[in-house]
Ligand SMILES: NC(=O)C1=CN([C@@H]2O[C@H](COP(=O)(O)OP(=O)(O)OC[C@H]3O[C@@H](n4cnc5c(N)ncnc54)[C@H](OP(=O)(O)O)[C@@H]3O)[C@@H](O)[C@H]2O)[C@@H](O)CC1
Ligand SMILES: Nc1ncnc2c1ncn2[C@@H]1O[C@H](COP(=O)(O)OP(=O)(O)O)[C@@H](O)[C@H]1O
Ligand SMILES: [K+]
């Protein structure tokens, strides 16, 4: 963000002009939600506070009753300029009298715990029954890490200025932001190493398609029958032309269209029409599970590794595999396990995800409410998915979808990206309190949303 701002300024746009665009753009949103009601703007010492004075000035010009509360005077030259423009009331007390509060205490300059008068204001804000808007980021949020460094306030709306910051897509920060909207200020944001994933677009199969050309996915089962079956239910609806389950279980509930192959594992996986594997859901962690995983990895075919496979994989296995063709889909606990296995000391999710990719070359899809995808190309963040996904088996469905996408085109990062979108859309369509089975069946209508 700072680099993009510097580039804009080097090209002739002043910092004041950027602040004016940011503040006036944000004021448009504030007016939409305030709809004539009185507004209080909390202004801090830096340029986030400067944005606050621009917002207050813009509202006042439109006839709004505006109160500014500022515990200290601005420190930066540009914020002082914005302060000088505003001719309304500026109070330094703790009394928030209005039904709409706009928080401009700190933006991406926050670098330590919020204390003193600022913390008191945020505490008052947190308990006040008003509509709460955060400008750029909530003021106690560290914009790079998503950590909350002060009183936790639950906002109704967060207006990102110029570009998304990492905190807009990382927990715990993103959980406090309410609806998130981006206010554009004309910054050039091409070639960024991190981005918000763009909605994918799928096409119908080519006219000359047949089941093998569309991709044969082999799902490797193991100790438990349920998880790989759930993954297969998702996979059959996510694009692959042919889904096989390599399983020794009887699966009386399996759909007729799912081919289940038993016995002679080494021969089964040697089929060179297999374009992708999924290993991990229900695999188990005993010697036989390890043996299956080792054999699949040695095939060097595009593969999704999930669940038990993430507990079994180690450097020796990776040395015999082709990491560029592999993606791992860990939840928080599995990510911790992978970090322990590959000697990664980082503490936070984003750093862990990036370090794991650096150390192994694997494409890493770190799941959760704040899903992060790290590939060779970039770090991707995603819009928030339904919190109803927090039920057992939904990860198996995600792994099935990702493997199905992988079978169709062989690109690990693209598969993970598409899988998250399909998973979220399926969750939306499955309606509240769905089971993992309902979710897998909703992958079919979810596909239609991306055609
Ligand atoms: N640059 C641009 O072109 C544009 C920037 N824009 C806006 O600027 C924002 C970034 O502005 P910024 O860099 O001035 O930082 P900001 O978040 O206002 O706060 C830093 C100030 O707070 C202080 N401080 C820090 N932590 C503290 C603490 N815990 N407790 C107490 N004090 C603390 C720190 O001073 P310190 O005490 O560390 O010397 C400093 O004075 C950005 O989020 C966006 O809203 C837009 O207008 C678009 C154009
Ligand atoms: N609160 C939440 N909000 C959004 N998505 C969630 C939430 N909790 C879990 N998920 C998603 O649900 C899935 C859960 O996967 P996982 O933990 O592997 O479950 P399981 O092992 O039971 O299949 C992941 O895709 C994750 O991103
Ligand atoms: K803020």
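The values are calculated or read from the model by the stated rules, or taken from the named source; none is laboratory data. All values reported here derive from a predicted model rather than from experimental measurement. Here Cβ is always computed from backbone atoms with ideal geometry, including for glycine, and neighbour counts include all displayed protein chains.
Table for the structure above
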item: Some residue of the range 298-308 being crowded, with 21+ Cβ neighbours inside 10 Å, under 31 Å from the mean Cα position of the chain (by Cα) and farther than 23 Å from residue 362 by Cα; result: no
item: Residues being surrounded by fewer than 21 Cβ atoms within 10 Å (Cβ to Cβ) and out of contact with any strand residue (DSSP E or B) (no Cβ under 9 Å at 6 or more places or on another chain) - total across the range 378-408; result: 7
item: Residue within the range 168-180 that is in a strand (DSSP E or B) and either touching a strand residue (DSSP E or B) at 6+ places or on another chain (Cβ under 9 Å) or modelled with pLDDT of 95 or more (or both) present; result: yes
item: The lone exception for residue 230 - which of (1) surrounded by fewer than 19 Cβ atoms within 10 Å (Cβ to Cβ); (2) touching a residue at least 12 places away in the same chain (Cβ under 8 Å) it fails; result: (1)
item: Which listed residue, of 68, 100, 54, is under 34 Å from the mean Cα position of the chain (by Cα), more than 16 Å from ligand 2 (Cβ to nearest atom), closer than 27 Å to residue 5 by Cα and buried (at least 19 other Cβ atoms within 10 Å of the Cβ); result: 54
item: Subset of the range 261-287 [in contact with a helix residue (DSSP H, G or I) (Cβ under 9 Å, 6 or more places away or on another chain) and not in a loop (DSSP other than H, G, I, E, B)]; result: 261, 265, 266, 269, 274, 275, 276, 277, 278, 279
item: Number of the exception - residue 8 against (1) near ligand 1 (Cβ under 9 Å from one of its atoms); (2) in contact (Cβ under 8 Å) with a residue 40 or more places away in the chain; (3) touching a helix residue (DSSP H, G or I) at 6+ places or on another chain (Cβ under 8 Å); (4) closer than 22 Å to residue 142 by Cα; result: (4)
item: Residue selected from the range 377-407 under the condition part of a helix (DSSP H, G or I) and farther than 22 Å from residue 309 by Cβ, by the criterion nearest to ligand 1 (Cβ to nearest atom); result: 387
item: Among the residues listed as 167, 173, the single one being within 16 Å of ligand 2 (Cβ to nearest atom), crowded, with 20+ Cβ neighbours inside 10 Å and either under 20 Å from the mean Cα position of the chain (by Cα) or within 22 Å of residue 83 (Cβ to Cβ) (or both); result: 173
item: Residues that are touching a residue at least 60 places away in the same chain (Cβ under 8 Å), assigned to a helix (DSSP H, G or I) and more than 9 Å from ligand 1 (Cβ to nearest atom), drawn from the range 107-158; result: 121, 125
item: Residues located in the range 81-96, provided they are surrounded by 14 or more Cβ atoms within 10 Å (Cβ to Cβ) and more than 20 Å from residue 30 (Cβ to Cβ); result: 81
item: Those strands (runs of 3 or more DSSP E) lying entirely in the range 185-250 with at least 2 residues in contact with a strand residue (DSSP E or B) (Cβ under 8 Å, 6 or more places away or on another chain) and closer than 26 Å to residue 370 by Cα; result: 194-196
